[in-house]
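*Asks:* The structure that follows is given in the form of structure tokens.
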Amino acid sequence: MNQHRLRPRLLGLGLCCAACFGSFATFGTARVHADDTSAQYQTTIEEAVREFGLGNWAEARALFRRAHALTPSARTFRGMGMAAFELKLYVDALRELTAAMQDTQRPLTDDKRKETQKLIDQSRAYVGRYQVLLEPAQAQAWVDGQQAALEPGNLLLLGLGDHTVSAVADGYQEVRVPLRVEGSEDMVLRIALQPMAAPAAPAPTPVPVAAPAAPASVASSTAATPTQLAAGPSHGLRTAGFVTLGAAALLAGGSGVFWLVGSGKYTDLQNSCGATGCTSAQIDASGVKSADTLTTVFLGLSAAAAVTSVVLFIAGSGGSSEKASASLGVGPGYAQLRGSF
């Protein structure tokens, strides 16, 4: 009976010892792995510092990144940022050096913080900062064909040179904004997308674009030379002259209408774009150029009709004692025709 009771106790004791042995083995394996990682980290850091001292910035940055993957800390961030600064990767330098100032793992000493802040200020002079505000909210920003890596607060960091910022969303028209970064920019970039079914509307852009010249004010008068009306073919020519002159008046009136429409669109475009200006695509979509073109075309046709009417009056002026006179006055938004038979 005692032997039967002893067997379960021995079995439990054996299982307990096995579990303890397994725990000690696991702990020992983890400890060895930690020691290996620490040794690898220390070796990698030493190699990175040596390459940095030799001026091999790319090699030093790669080694600092490898050490950061093993044990991330403020000091690995600082090493990566310093190498990026020497490689003129100012956006990466600004991002990594800022992280080094904020990281609490192996924090920087006061002297290193001062040196790091100095590099941050120098990097900032070669970086443009744009707070990107998109409408609708689900829109995504892309930079130079790649999805933008935005910092907290929708902050976009761009290096020196020309860039294209795009905003896309399902069911909306894509908007592209060209930007030229010269350093130290601090701007708000608002991009409002328009639905596919709606006509494109001007979108704000920080790039100033030369505004189209406003149509010249039309204020002229064309007076036909007094002609004599006579029965027969001459009378028909003079009648045709008055008809042509009437057409000139109508065309001039149409020109004035399009001029007024174009002026309104141009004012709306300036109000929409604000001080930052508009892109060429936004100007085209606003209809300002179309109105300007129609104004010019109608004004040209009106002038041609007026000249034709003068020719008809002259051609039909022979052989009549009756006097006929005609005059045309045109201006922005009005046309006036006067004549007598």
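*Asks:* For the range 86-136, which whole percent of the accessible surface, found with a 1.4 angstrom probe, sits on carbon and sulfur atoms?
*Replies:* Percent of accessible area from carbon and sulfur atoms in the range 86-136: 46.
*Asks:* Let me ask something else about it. Per residue, how much accessible surface does the range 29-99 expose to a 1.4 Å probe? Answer in Å², no decimals. Don't skip to the end; give the middle numbers.
*Replies:* On the way: 3760 Å² over 71 residues.
Per residue, the range 29-99 has an accessible area of 53 Å².
*Asks:* Which of rounded, prolate, oblate describes the range 160-200, given a ≥ b ≥ c as roots of the alpha-carbon gyration tensor eigenvalues and a/c under 1.5 marking rounded, otherwise prolate only if a/b is larger than b/c?
*Replies:* prolate
*Asks:* Would you check the accessible area of residue 87, probe 1.4 Å, heavy atoms only, in square angstrom rounded to 10?
*Replies:* For residue 87, the solvent-accessible surface is approximately 60 Å².
*Asks:* A further question follows. When you count, for each residue, the other Cβ atoms within 10 Å and take the mean per peptide, how do 97-107, 36-46 rank with the highest first?
*Replies:* Answer by packing, highest mean first, reads 97-107, 36-46.
*Asks:* Same structure, new question: Packing-wise, with mean Cβ within 10 Å as the measure, how do 60-67, 132-139, 300-307 rank, highest first?
*Replies:* Top of the packing list down: 60-67, 300-307, 132-139.
*Asks:* For residue 113, what accessible area in Å² do you get when you roll a 1.4 Å probe over the heavy atoms of the protein chains, rounding to the nearest 10?
*Replies:* It works out to around 90 Å².
*Asks:* Okay, moving on. Please list, or write none, the lysines whose alpha carbon is within less than 28 Å of the alpha carbon of residue 265, excluding same-chain residues fewer than 8 places away.
*Replies:* Partners within reach: 289.
*Asks:* Quote the FRET efficiency, to the nearest 0.05, computed for residue 149 versus residue 114 with a Förster distance R0 of 22 Å and r equal to the Cβ-Cβ distance.
*Replies:* It comes to 0.20.
*Asks:* Considering only protein heavy atoms, what is the solvent-accessible area of residue 191 at a probe of 1.4 Å, reported in Å² to the nearest 10?
*Replies:* 0
The values are calculated or read from the model by the stated rules, or taken from the named source; none is laboratory data. As the structure is a computational prediction, the values presented were derived from the model and not from experiment. Note that each Cβ is placed from the backbone with ideal geometry, even for glycine, and that neighbours are counted across all protein chains shown. SASA here: full protein model, heavy atoms, side chains in, ligands and nucleic acids out. Shrake-Rupley method; radii C 1.70, N 1.55, O 1.52, S 1.80 Å.
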